[in-house]
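Before any comments, here is the structure.
The values are calculated or read from the model by the stated rules, or taken from the named source; none is laboratory data. As the structure is a computational prediction, the values presented were derived from the model and not from experiment. Reconstructed Cβ throughout: ideal geometry from the backbone, glycine too, with neighbour counts over all protein chains shown. Note: accessible area is taken over every heavy atom of the protein model, side chains too, but ligands, DNA and RNA are not part of it. Shrake-Rupley method; radii C 1.70, N 1.55, O 1.52, S 1.80 Å.
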Amino acid sequence: MRRIYLDNNASTPVLPEVLEAMRPYLGEHFGNASSIHHHGQETRAAVERARDSVASLLGCGPAEIVFTSGGTESDNLAVAGLASAGDHVVTSSIEHHAVLHSCNHLEEAGCEITYLPVDGRGLVDPDDVRRALRPHTKLISVMMANNETGVLQPVDEIGKIAEEAEIYFHVDAVQAAAKVPIDLKRMACDALSISGHKMHAPQGVGALYVRKGTHLQPLFYGGRHERSRRAGTENVPGIVALGKAAELAIQGFEGGDDKKMAVLRDRLEQGILARAGEAGVNGEGAPRVPNTTNIYFDYIEGEAMVISLDLKGLAVSTGAACSSGAIEPSHVLIAMGLPAGRARSSIRFSLGKRNTAADIDFALALVPEAVARLRELSPTHKR
Ligand code: PLP
């Protein structure tokens with residue numbers, strides 16, 4: 001059966017060039033990057049090359065990159081590493097659970113947390129950030145792109161507010177990196193998270209940018225890896241893969257891949273809206289990353305739609321893939337003011353570098369038909 005994958009915000013396929021780059025580090029180049037002999041020097045050099053590539057993608061210095069096990073660890077390290085008991089933290093209600101649950105944990109440990117609302121488009125208002133600040137505010141953590149809607153937050157403006165108030169600013173850029181350019185020379189932020197498997201490197205590797213001079217409390221204790229910011233023997237194959245994925249992302253921006261992806265996404269979105277009826281885009285009117293569209297289809301259950309499309313060979317998702325299995329409506333869509341039924345009827349389509357125009361045609365042939373079939377079964381839909 002032909003299978004088309006439009007769930008790249010959950011995880012992306014490893015690109016062949018990335019696999020080729022990492023392969024020797026699963027085989028002949030196996031040394032511990034801390035060893036002083038030839039084998040260690042070889043892997044150390046590879047880790048440092050990858051650090052340079054990730055730093056180039058983000059526009060920062062290589063020494064400001066800390067390799068981690070992925071987006072969740074990067075977010076935890078930033079939140080727990082920059083705030084502690086007695087501090088006040090400002091975050092948003094649409095963050096990924098890696099940030100929200102880290103904040104919940106800090107709250108239990110004696111931190112005060114403000115969870116900011118978003119408007120109907122899913123945007124945080126920078127003025128709300130400003131108004132939330134208190135004398136003991138230590139950290140602001142707001143994501144760059146939302147994983148469910150793709151909506152881009154005003155992180156430049158929020159960064160300026162944080163800078164003026166001399167408060168740490170962490171940005172979860174897991175769903176933004178490699179999709180939109182990031183320039184840390186311009187953006188006033190102290191920490192920024194990325195994850196390998198959202199940008200065509202494997203699962204289980206990520207990075208946290210930590211601005212030079214920022215005091216970060218580590219999560220792990222052990223060796224002095226990553227300049228004592230993240231103890232643990234480096235995941236050399238994963239890090240090499242992340243470096244290669246960063247290089248490919250830079251080339252992609254140079255070649256206009258992001259613009260081409262937006263064209264495909266827009267064709268998918270408009271085609272679905274034109275054919276499905278009683279549907280709309282969650283996050284409409286807000287700036288978005290080029291690969292994501294989140295669409296509600298009134299009178300259907302999103303879960304039923306995902307299963308129905310999967311049976312025909314199309315992979316999409318409802319809500320956050322990281323919490324798949326949960327039947328609660330998405331906290332992001334609820335925060336945007338969607339009624340629970342509409343939130344439950346929403347489907348996320350997310351493209352990756354390997355998707356083609358033919359994949360979009362495939363989806364356009366399946367989705368309106370599946371929506372019509374499910375509505376026929378719906379007791380609430382008027383025919
Ligand atoms: N932050 C965002 C915005 C995400 O979308 C995800 C994963 O979906 C994460 C953090 C967690 O990243 P990882 O899966 O690498 O732990």
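For this structure, a couple of remarks:
- Cβ-Cβ distances below 6 Å connect the following pairs, each with a first residue in the range 95-107 that is farther than 17 Å from P117 by Cβ, a second residue that is in a helix (DSSP H, G or I) and of a type in the set (S, T, N, Q), and a separation of six or more residues or different chains: A98/T72; S102/N76.
- Condition check for G252: under 26 Å from H105 (Cβ atoms) and modelled with pLDDT of 95 or more: no
- Among the conditions (1) in contact with a strand residue (DSSP E or B) (Cβ under 6 Å, 6 or more places away or on another chain); (2) within 16 Å of the ligand (Cβ to nearest atom); (3) β-branched (V, I, T); (4) farther than 30 Å from E254 by Cα, V89 misses just one, which is (2).
- Filter result for F67 (open to solvent by less than 30 Å² (accessible area, probe 1.4 Å), more than 30 Å from D361 (Cα to Cα) and either modelled with pLDDT under 95 or not in a helix (DSSP H, G or I) (or both)): yes
- Where A55 falls short, out of the listed (1) part of a strand (DSSP E or B); (2) open to solvent by less than 10 Å² (accessible area, probe 1.4 Å); (3) more than 16 Å from the ligand (Cβ to nearest atom): (1)
- Within the option set S308, S228, being touching a residue at least 12 places away in the same chain (Cβ under 8 Å) and of a type in the set (S, T, Y) holds for one residue only, S308.
- Residue that is farthest from the ligand (Cβ to nearest atom), among those in the range 319-337 that are closer than 24 Å to L366 by Cβ and modelled with pLDDT of 95 or more: L333
- Looking across the range 188-204, the residues that are open to solvent by 10 Å² or more (accessible area, probe 1.4 Å) and closer than 24 Å to T137 by Cα come down to A188, D190.
- Evaluation of H97 against (1) out of contact with any strand residue (DSSP E or B) (no Cβ under 8 Å at 6 or more places or on another chain); (2) within 16 Å of the ligand (Cβ to nearest atom); (3) farther than 27 Å from F169 by Cβ (one fails), failing number: (3)
- The lone exception for S84 - which of (1) open to solvent by 30 Å² or more (accessible area, probe 1.4 Å); (2) within 16 Å of the ligand (Cβ to nearest atom); (3) more than 23 Å from P329 (Cβ to Cβ) it fails: (2)
- Residue ranges of helices (runs of 4 or more DSSP H) in the range 292-383 with at least 3 members within 21 Å of A10 (Cα to Cα) and of a type in the set (K, R): none
- Search result, residues across the range 214-234 that are farther than 13 Å from L77 by Cα and open to solvent by 80 Å² or more (accessible area, probe 1.4 Å): R224, R227, T233
- Taking (1) assigned to a loop (DSSP other than H, G, I, E, B); (2) within 16 Å of the ligand (Cβ to nearest atom) in turn, V79 satisfies each apart from (1).
- Where helices (runs of 4 or more DSSP H) fall wholly inside the range 213-284, the ranges with 1 or more residues that are farther than 30 Å from G31 by Cα and among the hydrophobic types (A, V, I, L, M, F, W, C) are 236-254, 257-276.
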